[in-house]
1. Over the chain, calculate the relative contact order: mean separation of alpha carbon pairs under 8 Å at least 6 apart, over the residue count, as a percent.
2. Using a 1.4 Å probe over the heavy atoms of the protein chains, calculate the carbon and sulfur portion of the accessible area of region 1-81 as a whole percent.
3. Given points 7 Å out from each Cα along the Cα-Cβ axis, report the residue 70 to residue 43 separation in nanometres with one decimal.
4. When the Karplus curve 6.51 cos²θ - 1.76 cosθ + 1.60 is applied with θ = phi - 60°, which whole-Hz ³J(HN,Hα) does each residue of region 71-87 get, with x for Gly and Pro?
5. Per residue, how much space in cubic angstrom lies within the convex hull of the C-alpha atoms of the chain?
6. With the other protein chains left in place, how much accessible area per residue, in square angstrom, belongs to the chain at a 1.4 angstrom probe?
7. Once the dipole of region 13-114 is set up with Lys and Arg at +1 and Asp and Glu at -1 on Cβ about the Cα centre, which of 59, 39, 106 lies farthest towards its positive end?
8. Restricting to DSSP loop positions (anything but H, G, I, E, B) with no more than 12 other Cβ atoms inside 10 Å of their own Cβ, which chymotrypsin sites (Phe, Trp or Tyr not before Pro) remain in region 38-104?
Amino acid sequence: QVQLVESGGGLVEPGGSLRLSCAVSRSRFSITTMGWYRQTPGNERELVATMTPGGSTNYGDSVKGRSTISRDNAKNTVYLQMNTLKPEDTAVYYCFADSGFRYWGQGTQVTVSS
């Protein structure tokens, strides 16, 4: 069973920064695209960022210019650096990894508030 373990969420003041991490384990197949979505109550999951093994990235409009996705292929880990955080960035952030199927992490809460 593929497992994704996220870390790095928490409470941050507006204008602050956070770095999320997501480590993938027990994958029997090669991992291709990895990334992050976020979700708030009553809404669908929203794209945050994705990254291919070769380094191609895609960002959601709401975080473009303020966030950077990166990955360590040797460690099967994806990161999300978020800067200049706004209250509207408050959400549960989910990482995913494509490995024959799309696997999801359990989610980590990010709260941006003073």
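The values are calculated or read from the model by the stated rules, or taken from the named source; none is laboratory data. Note that this is a predicted model, so its numbers are computed, not measured. Note: ideal-geometry Cβ built from the backbone for every residue, glycine included; neighbour counts use all protein chains shown. Heavy atoms of the whole protein, side chains included, go into the accessibility calculation; ligands, DNA and RNA do not. Shrake-Rupley method; radii C 1.70, N 1.55, O 1.52, S 1.80 Å.
1. On the way: 277 pairs, mean separation 42.5, N = 114.
Result for the chain is 37 percent.
2. Numbers: 2070 of 4540 Å².
Its accessible area is 45 percent carbon and sulfur atoms.
3. If labels sit at residue 70 and residue 43, their model points lie 2.7 nm apart.
4. So the J values, rounded to whole Hz, are 8, 10, 4, 5, 9, 6, 10, 10, 10, 9, 8, 10, 10, 6, 5, 10, x.
5. Working: hull volume 10.4 nm³, N = 114.
Convex hull of Cα atoms, per residue: 92 Å³.
6. Details: 6060 Å² over 114 residues.
It amounts to 53 Å² per residue over the chain.
7. Looking along the dipole axis, the top candidate is 106.
8. Working: sites: 59, 79, 93, 94, 96, 101, 103, 104; in loops: 101.
Here the chymotrypsin sites (Phe, Trp or Tyr not before Pro) that fit, given the DSSP loop and packing criteria, are 101.
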